[in-house]
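The values are calculated or read from the model by the stated rules, or taken from the named source; none is laboratory data. Computed from a predicted structure; not experimentally measured. Virtual Cβ from ideal backbone geometry, glycine too; neighbours counted across all protein chains shown.
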Amino acid sequence: MTLGTSGAAQEFDALIIGAGFSGLYQLLSLRDKLGLKVRVLEAAEGIGGTWYWNRYPGARCDSESHSYSYYFSKELLQEWHWTERYPEQPEILRYLNHVADRFDLRRDIELNTRVRSARYDDATNRWTVSTETHDTFRCTYLITAVGCLSSANVPKIDGLNDFEGDWYHTGQWPHQGVDFTGKRVGVVGTGSTGIQAIPVIAAQAKQLTVFQRTANYSIPARNAPLTDEFKRYAKAHANDIELIMKSNTNAHPFYIKDRSVFDVTDHEREQILESAWQKGGLAFRAEFRDTLLDAKANHLVADFIRRKIRAIVKDPVTAELLADIDHPFAAKRPPVDSHYFETYNLPHVQLVNIRTQPIERITPSGIKTTEKDYALDIIVFATGFDAMTGSLLKMDIEGDRGLKLSEAWQAGPRNYLGLQVPGFPNMFTVTGPGSPSVLCNMPPAIEHHVDWITDCIAHLRQHGVRRIEAEEQAADDWVLAVNAAASATLLPSATHSWYLGANVPGKPRVFMPYAGGFANYRKIVEERTRAGYQGFSLRR
Ligand code: NAP
């Protein structure tokens, strides 16, 4: 549906870019709570954001389904029934479509509409947004809800265009699916995505070659259908679960235990870790408070996982390659898996170490490393994303006095509280860089930001404030705070992580998410808001 009449700008109070978890709730909040005239612009043919695009085999959320939900509507919580411990991509997409229908959101969402540029004009205090479909929109408030992991990172490897087979990036997966039956498949990348996809692809392919640059830890997910008892428990305790998510470090429905790795004997530690390994999932990293704070503590936990890998993988050379992990556990986002390491015991699966034999080029018939040619019919790039800033910088965003976002962020994403950027008045970034976002279970992080932005806009309108903008000094101080929070942990020691932008050649190396914890972050935001939007300049 095209709502635009070509040439004439359409006028709104607020424009939201993106119709994923963030954009849907932001639309509902601004339209139904504040009564604003709002439009969502979405590049895809359907709603869902991340979950619209990431349809690769095995795509599933690592957050447990009862926590990977909106909590703003108790009715919605009670009426939606997740089926498995971790929700699979099609189920999440069904959920988001249900939300769109239930709250009558579709009439204000324009699909197939990719934003090309956004410009702020001080004289009118309006943003003008242009799309690739040649529509023009104007608004007072511009809200980017573009997701943190939405700009696919396809490595620039010579020869890709000459490849005679098919290749895919996991984040842009064809909707009709890919049939791997009888095919020789190569997977490049062993992050959360590759680790989810590899066992599923292996179950179909004739031959699977995994090209590993950095070995990775992974914890068994132990996915299973949810029992009726658990479903009843989650619904009956929704308020308690919400409280736990809002008051802890990672917005998951569990607390990090308040004990040190060194508070227990070796035997006890082994039992604790074994039990956590059997339970599976991201809670494994929450057994000790110092796992991500103290290198020696981390080493003991990491050693447990390495021993598990060696015990699972039968071929000792492959096991060693998989266990030779160069960074502390959880310093990169820790994947959870379903039979990832076990997959390497299958006779048709091989692992190639592209640290010692780097990929030289892609040939018409496969991948050529410095040592060997690997003949392939299909290449799957599970190579991640230009995270957190990629999707924002792809749009040509120009703030006050012609300041481009790409210039403002030349040295990294300078921002205040992950919510606003100096020089970009009335623009808000849902789960932007500088917020805990990707270090969290995303829905609570999103709900927090959307509620804050909604309350903020309500405040501006009630008090006749024309524009709000992050102050320069506040942004500089916040960037220091984000760096300090990361430096207090082992996170920066994974020097090749996407948290640092290190996976994209040429991207500034800046630790992007706020690592001081979700509860702490909420407290900071609340205190500054209560203190009269401290760090923001409000102009009438
Ligand atoms: P990722 O964590 O960035 O992993 C990308 C993988 O590709 C890494 O192994 C990386 O190696 C490799 N790689 C990148 N460029 C390469 C190149 N030029 N040549 C060879 N190898 C290359 O990406 P991801 O696995 O898509 O995950 C991204 C994030 O998405 C996750 O951390 C998580 O937050 C989210 N995610 C969540 C779920 C879930 O909840 N279920 C699932 C998937 C993803 P290096 O490590 O050496 O760079």
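Observations on the structure shown:
- Residue satisfying condition, being among the basic types (Lys, Arg) and either more than 13 Å from ILE379 (Cα to Cα) or buried (at least 20 other Cβ atoms within 10 Å of the Cβ) (or both), within set LYS235, LYS183: LYS235
- Applying the criterion of at least 3 residues that are closer than 25 Å to GLU360 by Cα and in contact (Cβ under 8 Å) with a residue 40 or more places away in the chain to the strands (runs of 3 or more DSSP E) found wholly in region 118-172 leaves 166-169.
- Within the set ARG461, ARG509, ARG522, the sole residue that is on the phi < 0 side of the Ramachandran plot, among the basic types (Lys, Arg) and in a loop (DSSP other than H, G, I, E, B) turns out to be ARG509.
- Checking each residue of region 22-45 against the condition of being within 17 Å of the chain's Cα centre (by Cα), within 16 Å of the ligand (Cβ to nearest atom) and part of a loop (DSSP other than H, G, I, E, B) gives no match.
- Test: residue in region 328-337 that is modelled with pLDDT of 95 or more, over 23 Å from TRP173 (Cβ atoms), surrounded by fewer than 20 Cβ atoms within 10 Å (Cβ to Cβ) and aliphatic (A, V, I, L, M): no
Residue by residue, here is whether (1) of a type in the set (Ser, Thr, Tyr); (2) free of Cβ contacts under 8 Å to residues at least 12 places away in the same chain; (3) in contact with a helix residue (DSSP H, G or I) (Cβ under 7 Å, 6 or more places away or on another chain) holds:
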| site | (1), (2), (3) |
| --- | --- |
| GLN10 | no, no, no |
| ALA19 | no, no, no |
| SER29 | yes, no, yes |
| LEU36 | no, no, yes |
| GLY48 | no, no, yes |
| SER69 | yes, no, yes |
| PHE72 | no, no, yes |
| GLU84 | no, no, no |
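- All of ALA311, ALA330, ALA297, ALA302 fail the test of being in contact (Cβ under 8 Å) with a residue 60 or more places away in the chain, small (Gly, Ala, Ser) and not in a loop (DSSP other than H, G, I, E, B), apart from ALA302.
- Criterion: out of contact with any helix residue (DSSP H, G or I) (no Cβ under 6 Å at 6 or more places or on another chain) and among the hydrophobic types (A, V, I, L, M, F, W, C) - qualifying residue of ALA502, ALA515: ALA502
- Residue within region 71-83 that is under 25 Å from ARG126 (Cα atoms), surrounded by fewer than 24 Cβ atoms within 10 Å (Cβ to Cβ) and in contact with a Ser or Thr (Cβ under 6 Å, 6 or more places away or on another chain) present: no
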